[in-house]
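Take a look at the structure set out below.
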Amino acid sequence: MSMAGINSSHATAATLTIRRATSADITTIQHLTSIIWPATYSSILSRDQIEYMLELMYSSESLRRQMEDLHHHFILCYDGDEAVGFASFSDLGENVFKLHKIYVLPDRQGRGIGRFMIDYIIAEIRQKGAVALDLNVNRQNPARFFYERLGFTIIREEDIDIGKGYWMNDYVMRKVIR
């Protein structure tokens with residue numbers, strides 16, 4: 001499924017496309033993450049925690065496991081020929097899906113790319129009978145306000161022990177799919 005040619009004053013001038021990512025795209029996802037994560041989290045998390053989490057969640061083995069064993073669906077978003085973002089989501093059961101990851105290159109944020117990817121995911125999960133899309137966002141991450149503008153609401157707080165004394169202190173947010 002490709003959603004091309006969005007027309008919005010917030011969107012980039014070039015055509016955006018989305019394609020399903022596979023294990024062959026792991027290096028592209030890692031490259032994007034190496035640029036996005038430091039810019040996104042350096043004011044929220046220590047450098048040591050960022051490095052630990054990158055290894056935990058973005059090593060080749062971890063990404064392969066997410067794709068193959070955990071059945072996370074990864075997508076890559078392109079602006080022309082350039083990969084500018086990615087996302088992953090999965091079915092939690094009972095028609096609730098989870099957005100595990102969504103990231104856009106820092107110099108491309110604010111142009112409608114994140115909204116484009118979420119719209120794509122919602123269209124895809126709606127076909128599978130989804131009633132809700134959940135996500136976790138760090139309680140200090142300003143992306144929370146982006147999600148609220150897209151209709152997500154906070155349903156609870158969650159503190160997740162990820163090992164080595166590190167915690168993810170998140171809001172769990174939900175968008176009801178109609």
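The values are calculated or read from the model by the stated rules, or taken from the named source; none is laboratory data. All figures in this text were calculated on a predicted structure; none of them were measured in a lab. Quick reminder, even Gly has a Cβ in these numbers, built from the backbone with ideal geometry, and neighbours come from all protein chains shown. Ligands, DNA and RNA are stripped out before the accessible areas are found, and what is left, the full protein with its side chains, is counted by its heavy atoms. Shrake-Rupley method; radii C 1.70, N 1.55, O 1.52, S 1.80 Å.
For the stretch 1-30: of the residues being modelled with pLDDT of 50 or more, in a loop (DSSP other than H, G, I, E, B) and small (Gly, Ala, Ser), which is surrounded by the fewest Cβ atoms within 10 Å (Cβ to Cβ)?
Filtering first and then ranking leaves 14.
What pairs come out if I take residues in the stretch 44-66 that are surrounded by 13 or more Cβ atoms within 10 Å (Cβ to Cβ) and pair them with residues that are in a loop (DSSP other than H, G, I, E, B) and of a type in the set (Phe, Trp, Tyr) whose C-beta lies under 8 Å away, six or more apart or interchain?
Short answer, once both residue conditions are applied: none.
Just to verify a result, which residue in the stretch 149-169, among those that are under 17 Å from residue 54 (Cα atoms) and touching a strand residue (DSSP E or B) at 6+ places or on another chain (Cβ under 8 Å), is most open to solvent (accessible area, probe 1.4 Å)?
Among residues in the stretch 149-169 that are under 17 Å from residue 54 (Cα atoms) and touching a strand residue (DSSP E or B) at 6+ places or on another chain (Cβ under 8 Å), the one most open to solvent (accessible area, probe 1.4 Å) is 167.
What is the one condition in (1) open to solvent by 40 Å² or more (accessible area, probe 1.4 Å); (2) under 20 Å from residue 67 (Cα atoms) that residue 107 does not satisfy?
(2)
Inside the stretch 129-178, counting only strands (runs of 3 or more DSSP E) that do not spill past its ends, which hold 1 or more residues that are hydroxyl-bearing (Ser, Thr, Tyr) and in contact (Cβ under 8 Å) with a residue 12 or more places away in the chain?
153-163, 166-176
Regarding residue 87, is this residue open to solvent by 10 Å² or more (accessible area, probe 1.4 Å), among the aliphatic types (A, V, I, L, M), touching a strand residue (DSSP E or B) at 6+ places or on another chain (Cβ under 7 Å) and in a strand (DSSP E or B)?
Against the criterion (open to solvent by 10 Å² or more (accessible area, probe 1.4 Å), among the aliphatic types (A, V, I, L, M), touching a strand residue (DSSP E or B) at 6+ places or on another chain (Cβ under 7 Å) and in a strand (DSSP E or B)), residue 87 does not qualify.
With the structure loaded, tell me whether residue 115 is open to solvent by 30 Å² or more (accessible area, probe 1.4 Å) and within 13 Å of the chain's Cα centre (by Cα) or whether it fails that test.
So residue 115 passes the test.
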